[in-house]
Amino acid sequence: MPVNINRRRFAQAGLASTSAIALGSRSHRPSAAQDATPGSITIPDSGVELPADDITFRWIDSGDLKALFYNEFHAAYQEAHPNISIEYDALPWAEINQIVPIGVQSGDAHDIFAMPQDIPSAQAVAEGWVAPLDDIIPNFAEWKDRFPLGSFMDGVHVFDGKTYTFPQTSSKRYWTMTFYNTDYLEQAGYDLESERLTWDQYREAARKITEQGQGQYYGVVFGGQSTDRFATFVRNLGRMAGAPAGGSLGFEDIDWRTGEFQYTSDEYLAAIDLLVGLQADGSIFPGSLSLNDAEAWSQFPQGIAGMILEGPWVIPQWQRENPDFRFGLASQPVPNGETVLPLAYEETGSNQLWVYADSPYKNVAGDMFSYVGSVEGQVAIMAATKGFLRALVPEAAEIAQESVELDPYASEALALYDEQLRLGPMVPVRNPAASQVALERRPLTPDLGQLVQGILAGQIEDVGAALEDLQSRANAELDRAIAAAQESGAEVSRDDFVFANWDPTQEYTAEMYE
Amino acid sequence: MSIGTIQPTTVLAGKGQPERGRTLRQRLWAARWCYLFMLPNLVLAAMFTFYPTVMSWYFAFLDWSGFTSDREWVGLENFRELLSDRFFWDAYQRSFMFMLIAVPIQVVLALVVALILNDSSYKLGPFFRTIFFLPVVTSAAIIGIVMTFVFSPFNGPVNKMLLNTDMVDRPVDFLGDPDTALWTVAGVWIWKWFGISMIYWLAALQVVPQDLYEAARLDGANRWSLHKDITLPMVYPFAAVIVLITIVGSLNVFGLVQTMTGGGPFFASEVMEVYIYRNAFGDSGIPRLGYASAAALFFGITVLGISLLQGWGLKKANDARTQMKQT
């Protein structure tokens, strides 16, 4: 049931939950996450027998924030073990999605890799791509016990009783925080440090900024060629405005209480209307439809627009490459009405890595993971990323908060996550066999993001009909994928996608699955 | 023998002996060096061209993601699904539209420039040849990325020029507008590959004997008559080959489209290669290598059909010309 919160109370609650550090950090002076002290990591002897010969250990993941830690960690590891040379490929997901499967098929995959986005973990395990950690991390049971209850989930990290990956950091974060150009917003008469923009104010602010920009800059910019950005905009704004939904196994926008998709909800439609309104006002940076996401956010510090909705990964790069850029970070635009819901997230952990089953150096991987999952390693993650990545091991999080200097922006972001995100249900946690559905899933074409792009490009005029069609196709595809999974022997049904006891305002705890 | 045809076995192995009367084995042995030199290329072509091509024919009949061991033979199911996929037909149509518009422009433009640069009295010819050829040797992906800035509605030089000359009153989003995205890419494609067609034409123009021009000039022919009555008839046989090569090139535009528009907005510039890529690797959801292979096979057969039709048409035209000459 939606909770009704007075807008002022909501803002107060937000401020109250924001830590003192965050409040004290409103000056928005750029700080440097990249300045994490090198040499601060000491690699302990885990007791693992490591190769004596010179070897090259290969590692591939998507870089971003975690690269801040891994660059430091790898340097320390090589210093501790001079015969081990680490080749770290921090690449975009599109490349990981291609390189890893080809590497596995040719028997030459990286020793540690990030799982390609389109490949369900269960399938990778079933195909024998990855090695269980139980056998390669020393004192595994003790190591695993450090993580809080519920960190290791069947169908996510654990398969047939073996643990194949671990949540290195929390996935509790969202991708539509408002990043703003402080100068432009101030000039337009807005102070986002003391007030949150409602949808209407967001549109009005964008219009004013565009007006004051006189063609030199605009209200908002989107990386609209990456259509998932539009989808995230619509779903996060729509969900917070009263159309609660979550996603699992690749199917997004499901109201867990009923198992129905939310595409035709008034709130989703209203979020699309907001985008159309921004466009009608001329407030969207021209060319937003042909920019991809990375192009949009990397050009933002050049002053092309007043606001962009993004995730925390933009901050370190802006700080590093545009140290004089004055920017702020705030909540995504909040609904005009009084119904404000938190967003549901899946705690699958973020930044999971997997050990290649045929790697000759699995013991090296075990030694490395032994450190990454230790209290020291988890503290080092928060230290190297200045808090942009949050430790999952509670003891480490406590130590880090007391002893590590967190980036002010990271503190603000963490406070926003605590306030605006709630753990949602996860289908494979209740029924691991349901993972087969992800394997059978075919893309919805056009999907939500592509439809929004078509609407903004003027190719789709009847928005309501397009969303009805999407709803119908999503239902049909979920039914088809479930039927196909059943044919493959999986015991799964549409009922697995219903969690009648879900309250979007509360955390969905382990007991609630029973 | 037609002009320019090389017969290596005769040249290298013939040593004056007649081909007739020698066994296949003898001829193969005599030409052993040719085959030896061809071997590395053949091995590479077998590994990276023939094998993937043949395997994709097989994949076209599978329901397979491309990364699991679970491959299901589905017969013609992928093709049946293709026929009812409007995005497939849209991409299919777009590819041919691209070809129909871009190829004639490129071929004719390249011929005109080649005629100008072929004039030995034009001293800057070599310089311009190099300039026009430069984009050919530049990576398509790099050009695509640079062109997104060139055509950007925000401070892009093209829009600046249009605005400064009052040709438009607000910036044009060339790559974000469904009406202009594909044709902007086509323009860039013509610019990038125009140099190679120009080189082909220049090579073809070398076969025209200079004494014919001199004789015609003595007869009082002007520049237009020289080209109409001597140049064009002489280079006519090369036109079919140049057009065919350009057609094949116009169907290989993945790098430019992917970097400039990604096939958007809302599929407005999605040509067949991008469609195949999207289904095989790029879209959200499990990749469908089998389905993508079916689309590639279907499209490949169409292109083969066009090539054969073109070859048949050329042969008919040549036969008709020969017959006319004889009569």
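In the stretch A:186-230, what residues drop by 50 Å² or more of accessible area when the other protein chains are put back, versus the chain on its own? Use 1.4 Å, and skip ligands and nucleic acids.
Listed in order, they are A:Q225.
Beyond 21 Å, what percent of the Cα pairs of the stretch A:55-148 remain?
Roughly 45 percent, rounded to a whole number.
Distance cut-off 31 Å, Cα to Cα: go down the list B:K123/B:K160; B:K192/B:K228; A:K208/B:K160 and report the pairs above it.
B:K123/B:K160
Please get the size of the charge dipole for the stretch B:155-267, origin at its Cα centre, with Cβ charges of +1 on Lys and Arg and -1 on Asp and Glu, quoted in debye to the nearest 20.
Rounded to the nearest 20 debye, it is 180 debye.
If the cut-off is 14 Å between C-alpha atoms, which aspartates and glutamates fall inside it for A:K172, apart from same-chain ones fewer than 8 positions away?
A:E346, A:E347, A:E412, A:D418, A:E419, A:E507
Find the percent of Cα-Cα distances in chain A that exceed 40 Å, and round it to a whole number.
Within chain A, distances greater than 40 Å cover 22 percent of Cα pairs.
Taking H as built 1.01 Å from N, whose amide H comes closer than 5 Å to the amide H of A:F159, not counting residues under 5 places away?
Correct list: A:Y164.
Given the options B:Q106, B:Q258, B:Q210, which has the most mean-square fluctuation in a GNM of chain B, springs set between C-alpha atoms less than 10 angstrom apart?
Comparing B:Q106, B:Q258, B:Q210 in the GNM, the peak value goes to B:Q210.
Just to confirm, what accessible area per residue do you get for the stretch A:360-514 at 1.4 Å probe, in whole Å²?
36 Å²
Heavy atoms only, probe 1.4 Å: what % of the accessible area of the protein assembly as shown goes to carbon and sulfur, would you let me know?
57 percent
Three principal axis extents, largest first, for the C-alpha atoms of the stretch A:147-297, in Å?
So the three principal-axis extents are 62, 33, 33 Å.
Checking buried surface per residue: for the stretch A:109-128, which residues lose a minimum of 50 Å² accessible area in the protein assembly relative to the chain alone (1.4 Å probe)?
A:D118, A:E127
I need the fraction of alpha carbon pairs in the stretch B:186-228 separated by more than 12 Å, rounded to a whole percent.
69 percent
Choose one answer from B:L182, B:L24, B:L232: the residue with the largest mean-square fluctuation in a GNM of chain B with alpha-carbon springs under 10 Å.
Ranking B:L182, B:L24, B:L232 by mean-square fluctuation puts B:L24 first.
Kindly provide the helix-only [θ] at 222 nm of chain A, computed as the sum of -39,500 (n - 2.57) over DSSP H runs of four or more divided by all residues, to the nearest 500 deg cm²/dmol?
Only helices count here, giving -12000 deg cm²/dmol.
Magnitude of the Cβ-charge dipole of chain A, K/R +1 and D/E -1, about the Cα centre, nearest 20 debye?
Dipole magnitude for chain A comes out near 1120 debye.
Over all directions, average the projected area of the Cα convex hull of the stretch B:53-138 and note it in nm².
The directionally averaged projection comes out at 9.3 nm².
I want to verify a result. In a Gaussian network model of chain B, Cα cutoff 10 Å, which of these has the top mean-square fluctuation: B:G300, B:G263, B:G21?
Checking each option, the largest mean-square fluctuation is seen for B:G21.
Once you've got the Cα coordinates, tell me which of A:K362/A:K386; A:K66/A:K362; A:K162/A:K362; A:K66/A:K144 are over 23 Å apart.
A:K362/A:K386
Total accessible area buried between chains A and B, 1.4 Å probe, in Å² to the nearest 100?
The buried area between A and B, both sides summed, comes to about 2800 Å².
Explain nothing, just compute: Karplus ³J(HN,Hα) = 6.51 cos²θ - 1.76 cosθ + 1.60, θ = phi - 60°, for every residue of the stretch A:429-440 in order, whole Hz, x for Gly and Pro.
Running phi through 6.51 cos²θ - 1.76 cosθ + 1.60 with θ = phi - 60° gives 5, 7, 9, x, 5, 5, 4, 4, 4, 4, 5, 8 Hz.
What is the distance, in nm, between label points placed 7 Å from the Cα along the Cα-to-Cβ direction at B:S84 and at A:E186?
6.1 nm
Considering amide H positions built from the backbone, and no H for Pro or chain starts, which residues 5 or more places from A:R422, or on another chain, come under 5 Å of its amide H?
Amide H neighbours of A:R422: A:L343, A:A344, A:Y345.
Quick one: compute the contact order of the stretch A:116-204, relative version, from alpha carbon pairs under 8 angstrom and 6+ residues apart, as a percent.
Dividing the mean separation by the residue count of the stretch A:116-204 yields 24 percent.
Can you find, among A:Q317, B:L175, B:T165, the residue farthest towards the positive end of the dipole of the protein assembly as shown? Put +1 on the C-beta of Lys and Arg, -1 on that of Asp and Glu.
B:T165
State, to one decimal in nm², a quarter of the convex hull surface area for the C-alpha atoms of the stretch A:144-210, i.e. the direction-averaged projected area.
Taking the Cα atoms of the stretch A:144-210, their convex hull projects to 7.6 nm² on average.
Below 8 Å, C-alpha to C-alpha, sequence gap of six or more: please give me the relative contact order for chain A in percent.
That works out to 26 percent.
In whole Hz, what ³J(HN,Hα) sequence does the stretch B:185-202 give by Karplus (6.51, -1.76, 1.60; θ = phi - 60°), x for Gly and Pro?
Result, ordered by residue: 4, 4, x, 5, 4, 4, 4, 5, 9, 4, x, 6, 5, 4, 5, 4, 5, 4 Hz.
Compute the relative contact order of chain B as a whole-number percentage, counting only Cα pairs closer than 8 Å that sit 6 or more residues apart in sequence.
Over chain B, the number comes to 26 percent.
Cα axis of helix A:7-17 to longest principal axis of chain A: angle in degrees, 0 to 90, nearest 10?
Helix A:7-17 sits roughly 30 degrees off the main axis of chain A.
Determine how many Å³ per residue the convex hull of the Cα atoms of the stretch B:77-326 encloses.
Convex hull volume per residue, Cα atoms: 165 Å³.
Could you point to the residue in B:Q310, A:S370, A:Q453 farthest towards the positive end of the protein assembly as shown's charge dipole, with +1 and -1 charges on the Cβ of Lys/Arg and Asp/Glu respectively?
B:Q310
The values are calculated or read from the model by the stated rules, or taken from the named source; none is laboratory data. All values derive from a computational prediction rather than experimental measurement. Virtual Cβ from ideal backbone geometry, glycine too; neighbours counted across all protein chains shown. We work out accessible area using only protein heavy atoms, side chains counted, and drop any ligands, DNA or RNA first. Shrake-Rupley method; radii C 1.70, N 1.55, O 1.52, S 1.80 Å.
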